[in-house]
Amino acid sequence: MTEETTIFERFPSFVREFIYSHGWENLRAVQVAAAKTLFETDHNLLLTSSTASGKTEAAFFPILSHLWNEPSHSVGVLYIAPLKSLINDQFYRIEELLIESGIPVTHWHGDVAQSHKKKLLEKPCGILQITPESLESMLINRSNDIVRLFGDLRFVVIDEIHTLMGSDRGNQILCQLARIGRLIGHHPRRVGLSATIGDPPRAAEWLGAGSGRVTDVPRFEEGRLRWRLGMEHFYVQNSNEEQDKAPKEEPHEAPPSPYDAGYSFMYDCVHDRKSLVFSNSREETEYLCATFRQIAKNRGDPDVFCIHHGNLSASIREEAELKMKQEDVLAVTCATVTMELGIDIGRLERVLQNQSPNSVTGFLQRLGRSGRRGQPPEMMMVFREEDPLPNTPLPNLIPWELLKAIAIVELYREERFIEPPTAKQQPFSLLFHQTLSMLAASGELTARRLAERVLALPPFANVTKEDYKVLIVSMLNNDYLEMTEEKTLIVGLAGERLLRSFKFYAVFKDSEDYTVRCGSDEIGTITTPPPVGDRFALAGRLWEVEELDIQRKLIYVKSVEGKMEVSWPGDYGEIHTRIVQRMRRVLIEDTVYPYLKPNAQKRLEIARHVARNTGMTERSLVHLGGYSWCLFPWLGTRSFRTVRRLLKTETARFGLNGIEYEGCYFITFKMTKGNDYELIQALADHAARGINAEALVGSAEIPVFEKYDDYIPADLLRHAYAVDKLNPTEAAERILEILEEF
């Protein structure tokens, strides 16, 4: 009997019948590997394989088998996902399997009705799907009920863990699991799922932190890459006649378009195709959706465009998800990262990417939305930029977004590179949050007992007792904590105010959003309320403000024709050094990439010509004329940030001024004293001694990034910035390499 047959025979009859009914002749490698760990060991499991490879089934076939053979006396499986949409979607593929098993599944997040939740509270059993925020609420408000709810918890499944590692939200989950484990007296087995893990051993260490279990990471062959990939480039002004003639894949008769060639090309890419259109911000998503709708109206085409991002109402997001899943409905959805993760949207014909993804991980996740049902994934990337003027400075002559996209594709194609997870060493915002949460759940604790419990949570392994004492004293001084006459700590008045809001449960930054309503329909939220009569964009449409209810944070609107830009504050994430280094190679090498369309190929040739003529790939510090210089460090975000701050320490000595930068690609400045060699030598002296990251953070700086940083003492914030936002080691190595160029 083969290993596969042995595993198959261990599945209950309803699992075997499910496999038969779907015409699977063999178990997939990922399913065999998962079953071996979950049947034959008591280990945790990190399951990483390509999108649509069957990870959900691979994990839940053996998990459901365990629950079928030995039913749990409480919630048996806790499934934690980062997005409500993922929770709403994830089990519909195996809904038939779950019905046959008789094992109930309960959704639990902010959009789920109380009646649905009440059933679980009355009889906790089966599978509970939940967000980190709702789980936090349980730990605080139902602390005395945790043992009844989770006393016989067997498995914790964490989906899309690549989005959680290194973030406060992911570390919040580790805190929650440690707290549940302490209360119920054992640590359930953990199963992590992701299609994109860059350093599996490091991810396994994160997943298993505090569980006391070994974490298995099975490896298996996944076959060769099969993609349909294209990249095309356009100038915004549309003045170049040649780009007007860029061939469209399926030209159709249409009136002349008033839009630039880039937007028209993007529209043609998704015309009559079920497609997802990704942008890197909500602002770009809104503007592109509105533009597509205007082009459709201009051409007399039906409006098939949906939109999906975090500021939209649940009903609008769910409408987009449903239309994408319906086989007989033509729909094009403009989306942010909210549609990037594991939602199975069936027969998607194409993914369109507006500009470049910011990471290999993002590229693979977005590409993987298409290509299901046996077809290869298909993506078109489109780049639009201002047409350079004759006097445009050197760094602005380079198409950074196009280079980044090529670098991302080549890194994965050549060596299967995916960004490794990062680990936050000093998560003080989360520390503040968990301190309040722990006290709210416990009622009161001595300072010593509180420190023992909180610092024992895995994310705080590198926080010293001295730093925690500084935080506790600050929380006492500002009424977030209060000391009783018995010298125990309780939540103070200011802490109570924070805890009273449901927004406390989330550790990611939120804003005081205003809800937008049109009649009885909820449209979504915006941060700043415009005056009555003003207009703004949301949900891919234009709205005019009719009435403001500031006290209740409501904006009543009517729909109007047209479009306009809307702005949300946002963080575009970090770029890994390997990507920037590969961008440099793209400029140096003569490779013709087969996925570049004519305009993109020509744009790359121009950029390579500029790079060769200016020497910017051989000399990292380039003279732009007069006192002006440009430094190309070719480093990722953290190391680039370190070099930029180090450069500022030499301001007086070299008469540096006008220091500006873009992303992590270049730094321009004026130097009125000394020369290029002397400047690099000065930076190299710092590098040779070892760059002191703490010294690069000014004594007056208060670096606020995370949700509760406003409540953290400034000294701790500066320390955290130096440790978690800078990379002095890599920066020093690169500076010494630049010195060798002279």
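Note down the magnitude of the dipole of the stretch 114-160 about its Cα centre, charges +1 on Lys and Arg C-beta and -1 on Asp and Glu C-beta and zero elsewhere, to the nearest 20 debye. The calculated dipole for the stretch 114-160 is roughly 320 debye. Residue order by solvent-accessible surface for Tyr92, Tyr514 is Tyr92, Tyr514, largest first, with ligands and nucleic acids left out and a 1.4 Å probe.
Highest-first packing order for the peptide set 97-106, 128-137 is 128-137, 97-106, based on the mean count of other beta carbon atoms within 10 Å. The alpha-carbon of Lys465 sits under 17 angstrom from the alpha-carbons of these aspartates and glutamates, leaving out residues fewer than 8 places away in its chain: Glu452, Asp715. Distance between the C-alpha centres of the stretch 137-209 and the stretch 625-675: 43 Å, rounded to the whole angstrom. Projecting label points 7 angstrom from Cα along Cα→Cβ for Phe39 and Tyr556 puts them 6.3 nm apart.
The distance linking the stretch 478-528 with the stretch 368-447 is 28 Å (Cα centroid to Cα centroid, whole angstrom). If only the Cβ of Lys and Arg carry +1 and only the Cβ of Asp and Glu carry -1, the dipole of the stretch 436-555 around its Cα centre is close to 440 debye. Going through the cross-link list Lys424/Lys509; Lys84/Lys424; Lys123/Lys325; Lys297/Lys563; Lys274/Lys297, which pairs have a Cα-Cα distance over 23 Å in this structure? From Lys424/Lys509; Lys84/Lys424; Lys123/Lys325; Lys297/Lys563; Lys274/Lys297, over 23 Å: Lys84/Lys424; Lys123/Lys325.
Histogrammed with a bin width of 10 Å, the alpha carbon distances of the chain distribute as 2, 13, 21, 25, 22, 13, 4, 0, 0 percent, first bin at zero.
Ranked by solvent-accessible area (1.4 Å probe, protein heavy atoms only, all chains present), the residues Glu561, Glu589, Glu444 order from largest to smallest as Glu561, Glu444, Glu589.
When the Cα positions of Thr422, His433, Ile406 are compared along the charge dipole of the stretch 406-449, His433 comes out farthest toward the positive end, with charges on each C-beta of Lys, Arg, Asp and Glu. The Cys residues in the chain with no partner Cys Cβ within less than 4.7 Å of their Cβ are Cys125, Cys175, Cys269, Cys306, Cys518, Cys630, Cys664. Loop-located trypsin sites (Lys or Arg not before Pro) in the stretch 283-347 (DSSP state not H, G, I, E or B) with no more than 16 neighbouring Cβ atoms inside 10 Å: Arg347. Subtracting the Cα-Cα distance of Leu493 and Asp715 from their residue separation scaled by 0.36 nm leaves 77.5 nm. For the stretch 29-94, the solvent-accessible area with a 1.4 angstrom probe is 27 square angstrom per residue. Could you check how much of the accessible area of the stretch 604-673 is carbon and sulfur, as a whole percent, using a 1.4 Å probe? Within the stretch 604-673, the accessible surface is 50 percent carbon and sulfur. Put +1 on the Cβ of each Lys and Arg and -1 on the Cβ of each Asp and Glu in the chain; which of Val304, Ala204, Ala682 then has its Cα farthest toward the positive end of the dipole? Projecting each Cα onto the dipole axis, the largest value belongs to Ala204. Would you mind calculating the relative contact order of the chain from Cα pairs under 8 angstrom and at least 6 residues apart, reporting the percent as a whole number? So the answer I get is 12 percent. Just want the answer: with Cβ charges of +1 for Lys and Arg and -1 for Asp and Glu, which residue in His271, Ser620, Phe705 is farthest toward the dipole's positive end in the chain? Farthest towards the positive end: Phe705. Based on DSSP H segments of at least four residues, each scored -39500 (n - 2.57), the chain has a per-residue ellipticity at 222 nm of -12500 deg cm²/dmol.
Estimated from the Cβ-Cβ distance and a Förster radius of 51 angstrom, the FRET efficiency linking Glu349 and Arg182 is about 0.55.
Classify the stretch 346-490 from the C-alpha gyration tensor, please: rounded if a/c falls under 1.5, else prolate or oblate depending on whether a/b exceeds b/c. The shape class here is prolate.
Measuring nothing but alpha carbons in the stretch 673-719 and taking Rh as the Kirkwood radius, the Rg to Rh ratio lands at 1.20. Listed by chain and number, the aspartates and glutamates whose C-alpha is less than 20 Å from the C-alpha of Lys558, apart from same-chain residues fewer than 8 away, are Glu286, Asp303, Asp513, Asp521, Glu522, Asp534, Glu544, Glu546, Glu547, Asp549. Computing FRET efficiency as 1/(1 + (r/R0)^6) for Gln375 and Tyr593, where r is the C-beta to C-beta distance and R0 is 25 Å, gives about 0.65. Gyration tensor over the Cα atoms of the stretch 566-643: the corresponding equivalent ellipsoid has semi-axes (square roots of 5 times the eigenvalues, largest first) of 23, 21, 14 Å. Which translational diffusion coefficient, to the nearest whole µm²/s, is obtained for the stretch 289-342 from the Stokes-Einstein equation, given a Kirkwood hydrodynamic radius over C-alpha pairs, 37 °C and 0.692 mPa s? This corresponds to a translational diffusion coefficient of 278 µm²/s.
This model, with +1 at the C-beta of Lys and Arg and -1 at the C-beta of Asp and Glu, gives the chain a dipole about its Cα centre of some 960 debye. The HN-Hα couplings worked out from phi for the stretch 171-184 by the Karplus form 6.51 cos²θ - 1.76 cosθ + 1.60 (θ = phi - 60°) are 5, 4, 4, 4, 4, 4, 5, 5, 5, 5, x, 5, 6, 8 Hz, whole numbers, x standing for Gly and Pro.
Each peptide among 450-461, 541-552, 719-730, 630-641 gets the average number of other Cβ atoms lying within 10 Å of its residues, and from highest to lowest they stand as 630-641, 719-730, 450-461, 541-552. Rounded, prolate or oblate, given the Cα gyration tensor of the stretch 34-178, with a/c below 1.5 counting as rounded? Rounded is the answer for the stretch 34-178, as its axis ratio a/c remains below 1.5. Among rounded, prolate and oblate, which fits the stretch 628-707 when a ≥ b ≥ c are the square roots of the eigenvalues of its C-alpha gyration tensor, a/c under 1.5 means rounded, and a/b larger than b/c means prolate? The shape class here is prolate. Each 5 Å bin, from zero up to the one with the longest distance, holds this percent of the alpha carbon pairs of the stretch 106-218: 2, 10, 22, 24, 19, 13, 7, 2, 0. FRET efficiency for the pair Asp111 and Glu485, taken as 1/(1 + (r/R0)^6) with r the Cβ-Cβ distance and R0 = 56 Å, rounds to 0.80.
The values are calculated or read from the model by the stated rules, or taken from the named source; none is laboratory data. From a predicted model like this one, the values you see are computed outputs, not experimental measurements. With ideal geometry, Cβ positions are generated from the backbone for all residues, glycine too; neighbour counts draw on all protein chains shown. Surface areas here come from the heavy atoms of the whole protein model, side chains and all, with no ligands, DNA or RNA. Shrake-Rupley method; radii C 1.70, N 1.55, O 1.52, S 1.80 Å.
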